[in-house]
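Below: one structure, written as structure tokens.
Just so it is clear, none of the values below were taken in a lab; they were calculated from the coordinates. Computed from a predicted structure; not experimentally measured. Cβ placement follows ideal geometry from the backbone for every residue including glycine, while neighbour counts extend to all protein chains displayed.
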């Protein structure tokens, strides 16, 4: 395609030159992905609401089942990793590769710590008798009389979220290494950041709706 | 970007971090106080939305994007969720009453 005809196509309304969101195609596609992934979690949280409201057995008090200071620590770690990620995005936009790389690795550290906490929480909960289909008869949780929906929704919600944290860590590790080598442009760091902040955003909903309400 | 970002480009992220922490601690404290159930639900859900808007606006830069993008994201997720909730809430109560019967 000649330069003149390419310019004509780009200027045409349906030629691909229009940017209704005022963003690059990479950012637009990332946001569309985030919306679809957000809808996945919205569906899971609505499913949780359905199961909780439909449960004939009373929902247990979360403070009796979970250690709230530990959940608070997990939340603190994730919020902090979002701030370090924001700093990495800001630094890469300013062309400060060293700061961007340092804060990307700090974000990875935060994400890994969060996953470690989640692994500990799952191990502890399973040890108390929690299974995907309900609490084991005769176990500590079984004595509390928790409805089977409680551990089921716990494993599904935190499992899906944890798998997102894990994929976020993979993306961040690749981005951090490539940034250190000077191979990732600022926009690449921004896209990784959008995904990481989304993971934090989902936790805000899970933390409130599952652990606090 | 706001004017403050020129002075310290990372300030907005750490101010947001501080506010998010304060809100999180307030939510945990509210959980420990023996507040009326409906008041507690209203308090927690309101602050959950404030936290979500702060993460979306400041960390994900939606504040600085074209309004179209923010509208697509917000309506796409929130309206779908509310419609879904509106349909399943009465149905979940039906299921509970049938189970108890």
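If a/c stays under 1.5 just call it rounded; otherwise compare a/b with b/c (prolate if a/b is bigger, oblate if not). Do that for region A:31-91, with a ≥ b ≥ c from the square roots of the Cα gyration tensor eigenvalues. Kindly include the intermediate steps, with their values, before the conclusion.
On the way: a/c = 7.40, a/b = 1.42, b/c = 5.21.
Cα axes put region A:31-91 in the oblate bin.
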Average beta carbon contacts from partner chains per residue of B:85-97, 10 Å cutoff | 4
Treat each spin label as a single point 7 Å out from the Cα along the C-beta direction, and report the residue B:68 to residue A:23 distance in nm.
-> 1.2 nm
Rounded to the nearest 10 degrees, the helix A:149-180 long axis (Cα) sits at an angle to the longest Cα principal axis of chain A of 30 degrees
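What average number of partner chain Cβ atoms lie no more than 10 Å from the Cβ of the residues making up A:27-36? Working shown, then result.
Numbers: counts 3, 2, 0, 0, 8, 3, 0, 5, 7, 2.
Across A:27-36, the average partner-chain Cβ count within 10 Å equals 3.
Rounded, prolate or oblate: which fits chain B when a ≥ b ≥ c are the square roots of the eigenvalues of the alpha-carbon gyration tensor, with rounded for a/c under 1.5 and prolate only if a/b beats b/c?
On the way: a/c = 4.84, a/b = 1.63, b/c = 2.96.
Oblate, since a/c reaches 1.5 and b/c is not below a/b.
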Peptide-level mean, for B:57-63, of C-beta atoms on other protein chains within 10 Å = 6
Rounded to whole Å and sorted largest first, list the principal axis extents of the Cα atoms in the protein assembly as shown.
-> 75, 41, 33
Which log10 I(q)/I(0) values, to two decimals, does region A:1-147 give at q = 0.10, 0.12, 0.16, 0.19 Å⁻¹ under the Debye formula with one point per Cα?
-> -0.65, -0.81, -1.09, -1.24
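When a/c reaches 1.5 or more, the comparison of a/b and b/c decides; with that in mind, is region A:130-213 rounded, prolate or oblate per its Cα gyration tensor?
On the way: a/c = 5.31, a/b = 2.91, b/c = 1.82.
The shape class here is prolate.
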If one takes the longest principal axis of the Cα atoms in chain A, at what angle in degrees, from 0 to 90 and to the nearest 10, does the Cα axis of helix A:25-54 lie?
-> 10 degrees
